[in-house]
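The values are calculated or read from the model by the stated rules, or taken from the named source; none is laboratory data. Everything numeric in this text was worked out from a predicted model, so none of it was measured. Neighbour counts run over all protein chains shown; Cβ positions are idealised from the backbone, glycine included.
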Amino acid sequence: MLKLIPLFPLLGFLVNGLWYALIQSRPGAKKAGSTVTGGLASLAILGSFIVSVKVFLQLRGMPEASRVIEETLFSWIQVGDLNVPMTLRVDVLSTLFTMVISGVGFLIHVYSIGYMSHDETPGKFFTYLNLFCFAMLMLVMGANLPILFLGWEGVGLCSYLLIGYWYTDDEKASAGKKAFIVNRIGDLGFLLGMFLIFTTFQTLDFVEIRAAFSNSPTGVLPAGVTFETLSAIGLLLFVGCMGKSAQIPLYVWLPDAMAGPTPVSALIHAATMVTSGIYLVARLNFLYSLAPTASVVVAGVGAFTAFMAATIAITQRDIKKVLAYSTVSQLGYMFLACGVGGYVAGVFHVITHAFFKALMFLGAGSVIHGMHEEQDIMKMGGLRSKMPQTFLVFLIGWLAISGLPPFSGFFSKDEILWLSFASMKGSKVLWAMGAMTAVMTAFYMSRLFFLTFMGKPRTHEAEHAHESPFVMTGPLWVLAILSAIGGFMGIPPVISEVFGAHDINWLAHWLNPVVPHHVELNPGTTHAMEWALMGLSVLGALVGIFVAKGLYRDLAKAESLKQKFAGVHNILTNKWYVDALYDAVIVRPLVNFSKFLWRGFDVLVIDGFVNGLGRLSAWTGNAARVMQTGSVQTYAIMALLGLLITVGYLVYGLA
Amino acid sequence: MSLPPVEPWVVLAFSAAIFFVGLFGLLVRRNLLIILMSIELMLNAVNLTYVTFSHQLSSMAGQMSVFFIITVAAAESAVGLGLVIALYRTLKTVDTDEITLLKD
């Protein structure tokens, strides 16, 4: 049954793809509309969602210790010691991911039917979208690293194709290329990490790697494996995660990836693909928890990314760019959680973030659709009355990401903040960065919200914005409900104790023991502290919201503040000059070096040698032409001379 | 009455003279017919040398060769003359200075 999950999108991809490639793309052929192609693609994803839920129910019916379903399709690679079967395995961790991917994916597919209704080639769009879902499902269902890598590269390819979907626009096409190239850098790390795992453990299968740990003679490390090796593996794989999950220093592609259609941003660049790095770390949590160096790096990079991306998001004017930096920031949170040992919290935030960020992206898409492709929030305003449905769902998303109880974002974010403070691997610095990020998150999201929906319309388009059709608002409502209640799957014990003294954190129990929920806490941490921090972060969120409200109700105030802090504002609008730095340090030297290779080496040396050979033979030919007079007598003299020389040589030369 | 025997060096000198006359003609004359005749001269000079040595060495092999050469020379001059006539018909000339087809 497992193979049905990726099979449906694969079929959808093949049908839509062949239909488009063989029939619709012929010159003069009529393109199929988004209803038919999108309906087909949505049905495919719905199929895999239904199967995912069935698999989940089946797992739930199994005894806790053996909740795994495995299916080997065929032997994929078999070379020497390396044996990679095409095995799909769904355990408690991957079942959550398959449901989120196919569930949120289905909603986004349905939404796209409305969003892409004016597009010229919806057939192509849904082909890519289905292929993406196939690759993403393979990524989370693969039983070993090569299959995961297959999915990893597959989603990267689809991301590239979909970012550059409107490829006639040069900027969008190069945004796609940027995403692809930056991800390639990360993939190198992933590959090296995979090689190191193979040489260390002689296997690439997750269960077998894990078995090496549980069968270890010392009880901690497998025979012949050192902490340094584990850290190296962890760091190399994390380089891959930096690329795919947009962490410093490889996050630069994600904001540019907003060039793609908005449903793509929601599905790939918020809900699913970018979280595959967290999936990988959570999957290998047994390895990371024994690799302290790697954990510190993961936590540090995560916290710093969360902080820095949040600062950039404050000044962005493009509605999708704000959300993009917010996504980078939230991904940083997830890695912060994994780095301090809270793998469950990381996965929890992946799920709630998938709900509310997909909701906000789709809401933004609805706004963009209603505003006729306008993305600048300064040109919006007062959309509350024009788009009441979008307004309401966005409100829920806003409250969820700001971290106000009882919306989903509160629970997951608060658990991360608590662990970053209380865990043995955590520290006050990490917590402080996380808490400041939380305040900024509430601030920039409120800014976005107030500028878009409240106040008075600031442009003609905003005055005449129209609500989106039901096919778009329907999925929004489902996601809004999920964003509102999604947090209840992971209620921390400290809260549930108040109501019944019973640990009802469903997610933590479900994921145990694949992802252990027990985190080693600092001695002396108390529930009172947890309550205090929780109150502090809610307070921080409220402060962020009210400051934003005060500032952006009256734009003149915001403007004067901007003047006052022009220097800081400048740095932030220019995104800390990171892109400029990369351009100066990496891109331009590389381009110049390539130009040197082109003009200096290729043209001069390679071409010079080849052309020189040609010129040499032409020159000798020309020189020898002089002898070819065409006169018989000259030839006769030549023959005579030749004869004389030969005879002379034979008579005198040999003596 | 019998003539005194001819010394071999006289004959050899004579044939060498003929050979170089032929060679000279081959190299300097511009008329194809003359060139053909020069080649005949050279051939016959060689024939004479053959016969001389054959007589001196009391071997018939040299004289046998001469018969072959005479036959082949006859065929050769027939072919050569045919070529000259064909050339003349196409180019209206037998002057080798004007026949430089190989150059172009």
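Results, tabulated for the structure shown:
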{"item": "Any pair with Cβ under 6 angstrom, 6 or more apart, that starts in segment A:26-37 at a residue that is in contact (Cβ under 8 Å) with a residue 24 or more places away in the chain and under 11 Å from A:Phe126 (Cα atoms) and ends at one that is aromatic (Phe, Trp, Tyr) and surrounded by 14 or more Cβ atoms within 10 Å (Cβ to Cβ)", "result": "A:Thr37/A:Phe126"}
{"item": "Failed item in (1) at pLDDT 95 or above; (2) closer than 22 Å to B:Thr93 by Cβ, with B:Ala17 passing the rest", "result": "(2)"}
{"item": "Pick from segment A:423-434, criterion at pLDDT 90 or above and crowded, with 21+ Cβ neighbours inside 10 Å, ranking: nearest to A:Leu290 (Cα to Cα)", "result": "A:Leu430"}
{"item": "Qualifying positions in segment A:331-347 - assigned to a helix (DSSP H, G or I) and farther than 19 Å from A:Leu96 by Cα", "result": "A:Gly332, A:Tyr333, A:Leu336, A:Gly339"}
{"item": "Some residue of segment B:1-22 being within 14 Å of chain A (Cβ to nearest Cβ) and touching a residue at least 12 places away in the same chain (Cβ under 8 Å)", "result": "yes"}
{"item": "Any hit, segment A:225-232, residues being in a helix (DSSP H, G or I) and among the aromatic types (Phe, Trp, Tyr)", "result": "yes"}
{"item": "Candidate set: segment A:22-48, residues that are under 11 Å from A:Gly105 (Cα atoms) and of a type in the set (Gly, Ala, Ser); chosen: the one surrounded by the fewest Cβ atoms within 10 Å (Cβ to Cβ)", "result": "A:Ser42"}
{"item": "Failed item in (1) in contact (Cβ under 8 Å) with a residue 40 or more places away in the chain; (2) of a type in the set (Lys, Arg); (3) under 26 Å from A:Ile248 (Cβ atoms), with A:Lys549 passing the rest", "result": "(3)"}
{"item": "Matching residues, segment A:58-73, being over 29 Å from the mean Cα position of the chain (by Cα) and not acidic (Asp, Glu)", "result": "A:Gln58, A:Arg60, A:Gly61, A:Met62, A:Pro63, A:Ala65, A:Ser66"}
{"item": "Number of the exception - A:Asp414 against (1) under 26 Å from A:Ser102 (Cβ atoms); (2) outside any loop (DSSP other than H, G, I, E, B)", "result": "(1)"}
{"item": "One residue from A:Phe213, A:Phe227, A:Phe238 being modelled with pLDDT of 90 or more and not aliphatic (A, V, I, L, M)", "result": "A:Phe238"}
{"item": "For B:Glu40: the one exception among (1) within 17 Å of A:Ala636 (Cβ to Cβ); (2) within 14 Å of chain A (Cβ to nearest Cβ)", "result": "(2)"}
{"item": "Unique match (being within 30 Å of A:Asn130 (Cα to Cα), touching a residue at least 60 places away in the same chain (Cβ under 8 Å), hydrophobic (A, V, I, L, M, F, W, C) and surrounded by 19 or more Cβ atoms within 10 Å (Cβ to Cβ)) among A:Leu254, A:Leu287, A:Leu237", "result": "A:Leu254"}
{"item": "Hits in segment A:51-71 (condition: among the polar types (S, T, N, Q) and either surrounded by 12 or more Cβ atoms within 10 Å (Cβ to Cβ) or under 14 Å from A:Thr98 (Cβ atoms) (or both))", "result": "A:Ser52, A:Gln58"}
{"item": "Selected residue (only one of A:Gly608, A:Gly550, A:Gly600, A:Gly630 is within 14 Å of chain B (Cβ to nearest Cβ), out of contact with any Pro (no Cβ under 8 Å at 6 or more places or on another chain) and surrounded by 11 or more Cβ atoms within 10 Å (Cβ to Cβ))", "result": "A:Gly630"}
{"item": "Any chance A:Ala508 is surrounded by 15 or more Cβ atoms within 10 Å (Cβ to Cβ), touching a helix residue (DSSP H, G or I) at 6+ places or on another chain (Cβ under 7 Å) and farther than 30 Å from A:Arg210 by Cβ", "result": "no"}
{"item": "Residue match in segment A:90-99 (condition: modelled with pLDDT of 90 or more, touching an Asp or Glu at 6+ places or on another chain (Cβ under 7 Å), within 14 Å of A:Leu137 (Cα to Cα) and not in a helix (DSSP H, G or I))", "result": "no"}
{"item": "Pair list, Cβ < 9 Å and 6+ apart or interchain, from segment A:562-590 residues that are at negative phi to residues that are of a type in the set (Asp, Glu)", "result": "A:Asp579/A:Asp256"}
{"item": "Tally, over segment B:85-104, of residues that are surrounded by 11 or more Cβ atoms within 10 Å (Cβ to Cβ), among the hydrophobic types (A, V, I, L, M, F, W, C) and facing chain A (nearest Cβ under 10 Å)", "result": "2"}
{"item": "Residues of segment B:20-42 satisfying the condition of being over 22 Å from B:Thr93 (Cα atoms) and touching a Gly at 6+ places or on another chain (Cβ under 8 Å)", "result": "B:Leu41, B:Met42"}
{"item": "Residue among A:Leu643, A:Leu613 that is at pLDDT 90 or above and within 14 Å of chain B (Cβ to nearest Cβ)", "result": "A:Leu643"}
